[in-house]
Amino acid sequence: MSSILFEIQDEVILVAEAIKSVLSLEVIIYDLNKVVVAATGGGQHAVIGEPVRGHIISEVLKTNKPVYNLEPGFHEICKSCILYESCPEKADVSYPLKHEGENVGVISLTAFSEEQKLEFKEKHLILSNYLGKMADLISSKINGKSLLKKYLSTSRMLQVTIQSMNEGIISVDRNGYILELNRSAEKILKIYREEVLKQNIIDVMPDLPIMSVLSTGKGFSNLEFALQINGMNIQIISSATPLVHDSHIIGVAISFKDLDEFRKIAYSITTEADDSTFDTLVGKSLSILQVKSIAKKVATTDSTVIILGESGTGKELFARAIHKESKRVNKPFRAINCAAIPEQLLESELFGYSEGAFTGARKKGKPGKFEMADGGTLFLDEIGDMPLHLQVKILRVLEERRVERVGSNDSIEINIRVIAATNKNLEQMVKDGEFREDLFYRLNVIPLKIPPLRERDGDVSVLLRHFVKHYDNITGKKVRGFTPEAEEMLCGYSWPGNIRELQNTVEYAINMATDHWITIDNLPPRIRDLGHPMVFNKNITLAEMEENMIREAINKYGDSLNGKKQAAKELGINLATLYRKIGKYQNIRKVQI
């Protein structure tokens, strides 16, 4: 049955039996559908679970008022009943059952004998009041059932929520005994619920200070713990909150996350999107295409790579591209410049440190780059600048795949790929005793030499167009490119700073440009000053080169007398020679006119 009275049927029957024992009258209780919920007549006049004709019951439900029927079968309401004038009932009173102001059924007291009828007549007013109280009693039972249902529903919802959480949850009582844990707790701790329920938390995770929380009432938040559970090393980030009721600690709620998963989340939040791929390594020269081809093959393996090349050649871009096309692509990429960090800080940056390792150390300690790169790739840039005493520790980590934090004797297992880079000659450094030979061979599994820009024939023009488009989109200046003279000067420049210098040059030039085309005047002074003697193009004659140099000098200093004097000085000739050469070259003479 779906009515609310059938949900508390056992309580309704008990109320009906209690009324009969006091009043010696039959009690029948109906729901809104006139179905019998409880009857003390043993089924003689009403069968539990069956509906009745119930003309009187319908009237009570309709009017929300009690009906006193001292002459059943002859009452006005009974005229349409087939038992009119022949009803077996001798007298009855029917009272509405209400819950929160709404009808939920009817309770009836019925006399089936003359003796019952006599008592009914004498006490019908008292009986009516009594029925009102019984109706309130049934209503309270409904309230209790509703509250219980609500509590059970909330409890079930809470259970489902806790079980669905990615975070592990364990609750313990005031003595530390485990009351409940969710599926994530089983997964992270590699335990089974049935085996640890009712066990003390000390026996399962002795390294967690839960008993201290119970005794002091002070919890902790996001602390790192290395646990030993069933012979396995498990690292977690855990928090504990005391549960307090009426000023008494009744237990502790423990939450925790797998340390590796915690790091992945932190990495995804704090790391900017990286779109470095081999496609972003711009260049068409044979030298760069060959290096990219080798790097692509290396990317699919887990072998250690050392990238060699001058400063600014794009060693980190290659490292990131290798990571992007490796099986570790969805894991962290961490980079550290060994030359940029003071020696006294480099060790803790690489290996991390434990609580109290040194003055000023964080209370909770700090993981190093090796730990933070776990599962992914660690890029050791400028490895040639690493102090010798740290080279020993790096070698040990690479061989054992375990790392120890500064100030700790506990080792942490890691799974990383190492890519190193340097602009130094490590082989010569090994000969000079400046770099460990064993570490060199450990790193030099697959050497990858990045050519300098001056050896990448034709790539300067390609890179210039690439960076013009990049910075034009950023600045919105609508610059189309370089004038032939400006591009010629840039192509003849030696680029000691390689791609990094070229990129900075383009950014400077676009900011200086006042037109759609970048001219020589828009280039950085260092390039303008060095550009003349370094411009060399094997496809032009010496006369053409001389003509270009004179034209650029005049453009730079102007065609005034003072400007020509400065131009002559820069060109290394006297003023008279400059005038003679200006006259010689027809196109320059036209410029002067």
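Just so it is clear, none of the values below were taken in a lab; they were calculated from the coordinates. Note that the structure is predicted; figures quoted are calculated from it, not measured. Cβ placement follows ideal geometry from the backbone for every residue including glycine, while neighbour counts extend to all protein chains displayed.
Summary table below
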{"read-out": "Between 0 and 90°, nearest 10: helix 525-534 axis offset from the chain longest Cα axis", "value": "40 degrees"}
{"read-out": "Ranked Leu281, Leu575, criterion: other C-beta atoms within 10 Å, fewest first", "value": "Leu575, Leu281"}
{"read-out": "Mean ellipticity per residue at 222 nm, deg cm²/dmol - from DSSP H runs of n ≥ 4 across the chain, formula -39500 (n - 2.57)", "value": "-14000 deg cm²/dmol"}
{"read-out": "Given Lys284/Lys449; Lys296/Lys393; Lys20/Lys133, the pairs whose alpha carbons are separated by over 22 Å", "value": "Lys296/Lys393"}
{"read-out": "Sequence-separation-based contact order of the chain, relative, with Cα cut under 8 Å and 6+ spacing, percent", "value": "8 percent"}
{"read-out": "Cβ-based charge dipole, region 271-451, positive-most Cα from Ile341, Ala319, Thr301", "value": "Thr301"}
{"read-out": "Label point distance in nm, Ser24-Thr241, each placed 7 Å from Cα along Cα→Cβ", "value": "6.2 nm"}
{"read-out": "Cleavage-rule hits, chymotrypsin sites (Phe, Trp or Tyr not before Pro), region 1-76, DSSP coil, Cβ neighbours within 10 Å at most 16", "value": "Phe74"}
{"read-out": "Nearest-20 debye value, the chain charge dipole, Cβ charges on Lys, Arg, Asp, Glu", "value": "2500 debye"}
{"read-out": "Cβ crowding within 10 Å averaged over residues, with 373-382, 128-137, 427-436 ranked highest first", "value": "373-382, 128-137, 427-436"}
{"read-out": "Percentage relative contact order, region 280-332, counting C-alpha pairs under 8 Å, at least six apart", "value": "40 percent"}
{"read-out": "Within straight-line cross-link reach of Lys62, lysines at Cα separation under 19 Å, skipping those fewer than 8 residues along the same chain", "value": "Lys34, Lys79, Lys98"}
{"read-out": "Sorted by Cβ neighbour density within 10 Å, fewest at the top, the residues Lys565, Lys324", "value": "Lys565, Lys324"}
{"read-out": "Percent of beta bridges antiparallel (DSSP, the chain, rounded to nearest 5)", "value": "75 percent"}
{"read-out": "Nearest-ten-degree value, helix 388-400 long axis tilted from longest Cα axis of the chain", "value": "50 degrees"}
{"read-out": "Cβ-derived FRET efficiency at R0 22 Å, Lys187 paired with Asn330, nearest 0.05", "value": "0.65"}
{"read-out": "Dimensionless Rg ratio for region 271-451, taking C-alpha atoms and the 2.2 N^0.38 Å reference", "value": "1.04"}
{"read-out": "Links that overshoot a 18 Å alpha carbon limit, given the list Lys297/Lys324; Lys292/Lys315; Lys315/Lys424; Lys190/Lys218; Lys90/Lys123", "value": "Lys190/Lys218"}
{"read-out": "Over region 4-148, relative contact order from alpha-carbon pairs under 8 Å, at least 6 apart, %", "value": "23 percent"}
{"read-out": "Stokes-Einstein translational diffusion, region 200-269 - Kirkwood Rh over all Cα pairs, 0.890 mPa s, 25 °C, in µm²/s", "value": "187 µm²/s"}
{"read-out": "Residues Tyr84, Tyr471, sorted so that the one with the fewest Cβ neighbours within 10 Å comes first", "value": "Tyr84, Tyr471"}
{"read-out": "Rounded Å value of the spacing that divides the Cα centres of region 553-572 and region 462-486", "value": "29 Å"}
{"read-out": "For Rg and Dmax of the Cα atoms in Å, calculated from these coordinates, the label among [x] 45.5, 150; [y] 32.0, 105; [z] 24.1, 77", "value": "[x]"}
